[in-house]
Amino acid sequence: MPKDLKNNNKELKMVQATEHDFNIYSTHLSLEDELMYGKSSKLRELYYKYEDWNANIYKFLRAHPLIGYSTKRILFGLITLLMAIIILFLIVNAVTDVNSYMPENWNKLGLGKIGSERYNRFLEERMKLFGVYGTALERLLSYLKNIIPFIPKTIVTGATVTFHGLDPVYASELPLTFTGLASDVANAIGRPITELNLETKTVWIYLGVVSSKSLGTPGTTEIMTLFANAIPYSLAFGSVAVILCYLIGVPLGIQAAKRKGRKTDTVINGTSMLFIAVPAVVIIVGIYLVSIKVFGHSAMFNSGSFWTKFWPTIALMCMMMPSTIIFTRRYVIDEMTADYTKFAYAKGMSESRVYYIHIFRNAGIRILRDIPLELAITLFGMSILTEQQWGIPGMGSFMVKAITGTKDSFMILGYVSFAAFVRIFGSLISDLSMVWMDPRVTLTKN
């Protein structure tokens with residue numbers, strides 16, 4: 001074979017040897033090489049599909065900025081909430097004594113001393129009942145699974161026990177709590193257990209059960225049930241207080257701005273600053289004592305009197321209205337120096353028309369956007385002391401009972417998680433309402 005032909009064959013083999021040496025511009029390229037090395041890999045195909053999907057999502061969000069902004073806010077809010085729940089869960093579980101999950105009469109159940117075999121077995125069953133058995137990581141993952149609304153959870157709501165030779169009896173009617181060892185129940189009745197029927201239900205969000213007797217029946221009362229019964233009270237008081245606060249506070253703030261530097265402004269602004277400086281507990285206790293000592297009204301909410309609903313609302317208003325007045329005054333003063341205000345005066349418009357039609361229309365956007373946040377703060381912040389003072393069965397009483405006496409870790413976690421979620425949702429509503437009220441505000445980048 002000629003020397004040149006050998007060199008050409010050798011060069012051809014080298015070109016075809018590896019994909020690294022593959023060159024589409026080579027004169028020795030064959031169709032087989034192009035089919036072999038030109039075909040994209042599975043990984044690259046997935047990458048192309050991802051890029052195509054990402055481009056389509058980007059086009060959709062550009063065409064619908066409201067959906068994109070809302071999705072982003074909700075996503076980042078939920079990530080922040082998840083991190084806060086994890087940190088709070090680890091802290092609460094670190095400071096919670098496992099013996100707090102035992103019933104109050106455990107020393108009468110014949111379990112022996114703390115640390116004995118029967119005591120530890122009973123404690124293990126109780127911790128399983130409350131969902132706190134296992135390592136810290138296992139408990140955390142179990143709790144996160146329970147609060148994620150996309151995963152259905154099956155929980156036990158009751159049990160019917162059949163003893164040998166006796167009719168079935170509901171577990172709650174037994175003389176010994178059935179949340180312990182089955183052998184303890186059998187020994188208490190004196191008959192062996194022949195059948196156990198559990199009653200269950202499926203829920204989407206499960207915040208656990210209470211462990212403190214001051215909140216309900218330990219191991220039985222669900223936290224979501226308590227929240228469902230308490231929210232209407234807190235929402236009613238908070239809504240009325242917020243509405244009255246804005247109906248009275250906004251006009252006062254406008255009057256203070258119109259008379260900036262005058263006696264009216266000094267009185268309104270000074271009184272507002274005084275109420276802000278006074279601690280909330282002093283305001284609440286002061287109004288509480290005035291309602292009893294001066295007006296002689298009932299002190300407890302369960303009396304059914306109108307005044308037991310009136311005075312708590314007044315207390316909430318006194319805590320919220322000062323900040324509403326100050327912010328309204330500031331927003332109105334900012335708009336008073338705008339060019340359109342000077343132009344309106346130059347056209348000969350009256351002062352009332354300029355303030356209530358032009359200035360307040362722009363200042364009101366920033367004022368009204370705070371209503372959802374004010375309502376969220378009222379439900380889970382200011383209402384705690386008010387509901388506790390008048391004995392209102394609202395959301396605020398749960399937090400006080402959960403952190404005093406017997407610590408209820410699941411109530412604390414549920415309260416904080418629910419409050420944070422409402423605050424995130426309220427913040428989103430505030431931002432979207434500003435976009436809806438002010439056409440100058442857009443959600444897209446220019």
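Every number here is computed from the coordinates shown, using simple stated rules; none is lab data. All of these numbers come straight from a predicted model, not from anything done at the bench. No Cβ is skipped: glycine too gets one built from the backbone with ideal geometry, and neighbour counts run over all protein chains shown.
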- prompt: What nm distance separates the two modelled labels at R118 and T154, each placed 7 Å from Cα along Cα→Cβ?
  reply: 3.4
query: Spin-label point model (7 Å from Cα, Cβ direction): what's the K201 to Y356 distance in nm?
result: 5.1
message: Taking 35 Å as R0, compute the FRET efficiency from the Cβ-Cβ separation of A55 and V285 and round it to 0.05.
response: 0.05
Virtual spin-label span in nm between D334 and A136, 7 Å along Cα→Cβ: 4.4
- request: Decide, for the stretch 258-326, between rounded, prolate and oblate: order the square roots of the alpha carbon gyration tensor eigenvalues as a ≥ b ≥ c, take rounded if a/c falls under 1.5, and otherwise choose prolate if a/b is larger than b/c, else oblate.
  value: prolate
- prompt: Distance from the Cα centre of the stretch 319-397 to that of the stretch 84-135, in angstrom?
  reply: 49
- request: Would you mind getting the Kirkwood hydrodynamic radius of the stretch 297-446 from its Cα pairs, rounded to one decimal in Å?
  value: 18.6
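Output the peptides 337-349, 42-54, 233-245, 68-80 sorted from most to least packed, where packing is the average of other Cβ atoms within 10 Å over each peptide's residues. It would help to have the intermediate numbers written out before the result.
Numbers: 337-349: 11.6, 42-54: 10.0, 233-245: 19.9, 68-80: 13.6.
Ranked by mean Cβ neighbours within 10 Å, highest first: 233-245, 68-80, 337-349, 42-54.
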- line: Taking Cα pairs closer than 8 Å and at least 6 residues apart, the relative contact order of the stretch 199-344 in percent is 27
- prompt: With a ≥ b ≥ c the root eigenvalues of the C-alpha gyration tensor of the stretch 50-95, is it rounded (a/c under 1.5), prolate (a/b larger than b/c) or oblate?
  reply: oblate
